[in-house]
Amino acid sequence: MRRIEWAGDAGAIVAELRSFAPPAAEVRTAVTAIVEDVRERGDNAVREQSLRLDGVDLGAAYAEPPSRLREALDALHPLLREALDVAAANIRAYHVREAPQAWRDTLAQGQIVGQEIVPLAVAGLYVPGGLANYPSSVLMTAIPAQVAGVGRIVVCSPPRAGGGAAEGVAAACALLGLGTVFPIGGAQAVAAMAFGTATVPRCDVIVGPGNAFVTEAKRQVMGSVAIDSLAGPSEVLVIADQTSRPDWLAADLLAQAEHGAGAMACLAAVGGGLSDLVAAELEKLAAELGVALDNVALVDCPSTQAAVALCNAFAPEHLELHTAGARDLVPLVRNAGAIFVGAYAATAFADYAAGSNHVLPTGGAARFAHGLSVSDFQKRVAVVELDGSAAAALAPHVAAIADEEGLRAHARSARLRAQ
């Protein structure tokens, strides 16, 4: 656990918080080698990298049999099955509400303009694994793709020690009717979906959270394929004042720290003595749950305004507001992947079942990016219709601009329609 002193410079604190992440140069070098290997050698590289990094021999045909996915779903405890059903319904309702729509409008000269919404053909979903089993990430990535109308959904998730995807991941895939599932993880999975292999279909977009290596792989293949965002190791910033409960704050901070390498949790404490109370609760809870405190930081902020300034400079993936009048702070927040308003709105609720998406920008990307949405699986295609009168009205303006730019064929093309 780190205690960071407020010295009036939010940028300096952000730099210290960002030091929790693995060294970027080391990650970049390792990922480049894996991505290029998969690009050149396809399935052979995927198998070799999986054996080297995960200790799993994938074998010649490594796609998950649909029967195994169904068996995993049938084996779920009834309470877990019910929980996944509730979560899926809430996530679907959220994304149906946000889905973009086609539209048309008639402008001043009579031309009809608008857009069509076209779903992508193939979406690649990265579902993390390793330390845990994440059926929730299947729901979060697949449901908006289904709402978008994607034609084919491909899932890659790290293998268990004995091979095959984790049971919860397999069950969630069956729950949503997903049949194209591969037990591969890390940069090799991202590269396989980006470039395609004899086994893994080439995808139009790759989405989903992952560790620093997965995030770097997505950055490197971007352009060959679309990505949702650079959603790397999990992070939370909690702004709290003395109206908050230290034991709740400790639990929320550890909920992020337990994600493992690169994850971080920071408390921006407003009001003297709060951070000491939270530190004591953290020590007790960490010992009880077996969660390391290496990636937890406590910052004493002189005011709520200073804490919000730290938030906007840090641009956290998750922002929790445990303050009096928390709702009033929301308009002041410019940079956050998701905002959780009030002491009861723990990040854990949205991680699983509240309805919003848990695939969110990390590493400061919330300055310009947003969480996974239906629009990440669709294209907006512009549509323009002109009749003779609209063409005649627009032609002089188009020709004037084209003449200025020296594009004579453009000008001729417009003027012909005005004759």
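The values are calculated or read from the model by the stated rules, or taken from the named source; none is laboratory data. Here the structure is a predicted model, which means the values were calculated and not measured. Note that we place each Cβ from the backbone using ideal geometry, even for glycine, and neighbour counts take in every protein chain shown.
For region 395-410, a residue qualifies if it is more than 18 Å from Gln111 (Cβ to Cβ) and among the small types (Gly, Ala, Ser), and the qualifying residues are Gly406, Ala409. In region 41-57, the condition of being outside any helix (DSSP H, G or I) and either of a type in the set (Asp, Glu) or free of Cβ contacts under 8 Å to residues at least 12 places away in the same chain (or both) is met by at least one residue. If you go through region 159-178 and keep only what is at pLDDT 95 or above, in a loop (DSSP other than H, G, I, E, B) and under 21 Å from the mean Cα position of the chain (by Cα), you end up with Leu176, Leu178. Among the residues of region 108-150, those identified as assigned to a loop (DSSP other than H, G, I, E, B), surrounded by fewer than 19 Cβ atoms within 10 Å (Cβ to Cβ) and modelled with pLDDT of 95 or more are Ala108, Gln109, Gly110, Gln111, Ala121, Gly149.
Scanning region 94-107 for residues that are in contact (Cβ under 8 Å) with a residue 24 or more places away in the chain and either loosely packed, with under 12 Cβ neighbours inside 10 Å or hydroxyl-bearing (Ser, Thr, Tyr) (or both) yields a total of 2.
Within region 104-137, being among the hydroxyl-bearing types (Ser, Thr, Tyr) and within 15 Å of Ala170 (Cβ to Cβ) holds for Tyr134, Ser136, Ser137. Here Ala89 does not qualify as free of Cβ contacts under 8 Å to residues at least 40 places away in the same chain and either surrounded by fewer than 12 Cβ atoms within 10 Å (Cβ to Cβ) or in the same structural domain as Ala338 (by TED's automatic domain parsing) (or both). The residue that is farthest from Gln188 (Cα to Cα), counting only those in region 210-255 that are surrounded by 20 or more Cβ atoms within 10 Å (Cβ to Cβ) and charged (D, E, K, R), is Asp241. Could you tell me whether any residue of region 179-192 is more than 17 Å from Arg70 (Cβ to Cβ), hydroxyl-bearing (Ser, Thr, Tyr), assigned by TED's automatic domain parsing to the domain that holds Val38 and outside any loop (DSSP other than H, G, I, E, B)? No - not one qualifying residue is present in region 179-192. The residue pairs whose first member lies in region 378-402 and is part of a helix (DSSP H, G or I), whose second member is of a type in the set (D, E, K, R), and whose beta carbons are closer than 6 Å, counting only pairs six or more residues apart or on different chains, are Ala391/Arg417; Ala395/Arg415; Ala395/Arg417; Ala399/Arg415.
So that you can scan it fast, the table gives a plain yes or no per residue for (1) assigned by TED's automatic domain parsing to the domain that holds Ala194; (2) of a type in the set (Lys, Arg); (3) farther than 27 Å from Gly196 by Cβ; (4) under 26 Å from the mean Cα position of the chain (by Cα):
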| residue | (1), (2), (3), (4) |
| --- | --- |
| Val35 | yes, no, no, yes |
| Arg39 | yes, yes, no, yes |
| Val46 | yes, no, no, yes |
| Arg52 | yes, yes, no, no |
| Ala61 | yes, no, no, no |
| Pro65 | yes, no, no, no |
| Glu71 | yes, no, yes, no |
| Ala75 | yes, no, yes, no |
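Among the residues of region 28-50, those that are modelled with pLDDT of 95 or more and exposed (fewer than 14 other Cβ atoms within 10 Å of the Cβ) comprise Ala33, Glu36, Glu40, Asn44. No other residue among Leu267, Leu310, Leu274 is in contact (Cβ under 8 Å) with a residue 60 or more places away in the chain and within 21 Å of Leu17 (Cα to Cα) apart from Leu310.
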